[in-house]
Amino acid sequence: MRIMKRPNILLTGTPGVGKTTLGKELAQRTGLNYVNVGDLAQECQLFEGFDEEYQCPILDEDRVVDELEDRMGDGGVIIDYHGCDFFPERWFDIVFVLRTDNTNLYNRLESRGYTGKKLQDNVQCEIFQTIYEEAMEAYKDEIVHQLPSNTPEDLERNLEQIVQWSEQWMKDNN
Ligand code: DAT
């Protein structure tokens, strides 16, 4: 039996832009497998030390890559993470950088309980489009797309566009 090839999708962007919300719903609609790298790291304890400044464990990027390598080779994975330059370039067929307006992001992060420097640094990360630039350096320009993620209408439009892209990808590659 021939196995259907399925695309790997990266959802990235500053914390709070809506990667998890989009990723989980996208998995429901497409049947692709959603992987939240933060959760995976927690479950498998893929850390190397502790960041005193931000009071959080430091991701062991090499072990994350090792842990995911086989699954990514099979295809059909949606990866959600607020960084993107340590994943092998070959893993992804498309990269989406979600973007949220500053005030909106500030409010979301504040209601998540972020305060002080952590809150400011994350909003600044979005203002400086840090993750977009990281993605543009790590992947071919043609596969990197920014998606506005401010409103429920944005979410729905993004879902529809990615579902459609994914269906087309499967037609073209099978
Ligand atoms: P991330 O995974 O990027 O950290 P999230 O999916 O947890 O972000 O979303 C953060 C918050 O913002 C959460 O309360 C849901 C809300 N949200 C996400 N996408 C949204 C959208 N397009 N419109 C309005 N709210 C959104």
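Values in this text are rule-based calculations from the coordinates and carry no lab data. Values in this document were obtained by computation on a predicted structure and should not be read as measured data. Every residue, glycine among them, receives a Cβ derived from its backbone with ideal geometry; neighbour counts consider all protein chains shown.
When exposed loop sites are taken as chymotrypsin sites (Phe, Trp or Tyr not before Pro) in a DSSP loop with at most 15 other Cβ atoms within 10 Å, the longest stretch of the chain clear of them is 1-53.
The H on the amide N of Arg6, modeled in the peptide plane, is under 5 Å from the matching H of Gly76, each at least 5 residues off or on a different chain.
Suppose every Lys and Arg Cβ carries +1 and every Asp and Glu Cβ carries -1, with no other charges. What dipole size does region 19-169 come out with about its Cα centre, to the nearest 20 debye?
I would put it at about 600 debye.
Dividing the alpha-carbon radius of gyration of region 19-169 by the rule-of-thumb value 2.2 N^0.38 Å gives 1.06. Between the listed residues His145, Asn122, Cys44, the Cα displaced farthest toward the positive end of the dipole of the chain, a dipole computed from Cβ unit charges relative to the Cα centre, is found at His145.
Look at the dipole of the chain built from charges on Cβ: of Ala27, Gln55, Gly73, the Cα furthest out on the positive end belongs to Ala27. Projecting the Cα atoms of Met136, Val95, Gln164 onto the dipole axis of the chain, where Lys and Arg carry +1 and Asp and Glu carry -1 at the beta carbon, places Gln164 farthest toward the positive end.
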